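Just below is one structure, and these are the notes that go with it.
The values are calculated or read from the model by the stated rules, or taken from the named source; none is laboratory data. Since this is a predicted model, take the numbers as computed values, not measurements. Ligands, DNA and RNA are stripped out before the accessible areas are found, and what is left, the full protein with its side chains, is counted by its heavy atoms. Shrake-Rupley method; radii C 1.70, N 1.55, O 1.52, S 1.80 Å.
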Amino acid sequence: MATAVIGALLGAFTARRRKGVAADVAQWAIVWGIIGGLLGMVILIFISRQIG
């Protein structure tokens, strides 16, 4: 969950830095949030398989 939030924040900051309007910022935040969530899930699965 935290990686999704971090991804969304990074996406929003990236869109703002590139002078995007509100829709651009929202789209970048959503896409990067999804990517961050998926990455966090993969890391969680990897760690849980290593432990158990």
How long is the gain from VAL31 to PHE13 if the chain were fully straight, where each residue apart is worth 0.36 nm and the alpha carbon distance is subtracted? 5.2 nm
Using a 1.4 angstrom probe on heavy atoms only, work out the carbon and sulfur share of the accessible area of the chain in %. 74 percent
Spatial extent of the chain: Rg and Dmax, with the Cα atoms as the point set, Å: 13.4, 46
